[in-house]
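What follows draws every value from the coordinates through simple rules; no lab data is involved. Just so it is clear, the model here is predicted, and its values are computed rather than measured. Ideal geometry is used to build each Cβ from the backbone, glycine not excepted, and the neighbour counts take in all protein chains shown.
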Amino acid sequence: MNVIKTLPVDVNMEQYNKNILQLFNSNLSNKKLKVHLNCDKELFFFADPEHVKVVLRNVINNAIKFSYVEGSITINVVDDNEKICIYVKDKGTGITAEKLNNLFKFEETNSSFGTLNEKGTGLGLILCKEFIEKNNGNISVTSEEGKGTQFKLCLPKAAKKIPARKLTGITIEDI
């Protein structure tokens, strides 16, 4: 992963999440899952959008995979001072304490089947951790077996831009 470069830019969080969720319309429909997205239109993160896409796709795919049919997934995006934090929560099978402790360890990778026998490789979350950390963010997870899982992804917040204003006929922009 040391050869992978990051190309961070300012990205609108709400539109970004909506675009990623569209990729899962078929999977969501097959399991009759509802997704609740709570995100302020004015939240922007500063990171490599392709890296973040890989991470969100993996985390959302896992939420779908381990959710029960007719369940729900909630995505909350909040401004946490210098970071934008994304919480992806499902009410699915959850993760055992043993697996939870080894979730981001390469030497402990193993795959689990989803609620409709969906299969994975067990490597996705290791890549997610690498991508998030390469973009000056962090990832964590809490879970309770049989009750669901919540992933928390925090990324740097984009610099706030103050709208341009006029002073004696000259327009300036404060950044």
Legend entry - Summed residue charge, Cβ within 13 Å of Asn25's Cβ, Lys/Arg positive, Asp/Glu negative: +4
Legend entry - Cβ-derived FRET efficiency at R0 45 Å, Val3 paired with Tyr87, nearest 0.05: 0.90
Legend entry - Distance violations [Cα-Cα > 30 Å] among Lys53/Lys99; Lys31/Lys157; Lys41/Lys134; Lys91/Lys157: Lys31/Lys157
Legend entry - Full-extension gain in nm, Asn19 to Glu42, via 0.36 nm per residue minus C-alpha separation: 6.7 nm
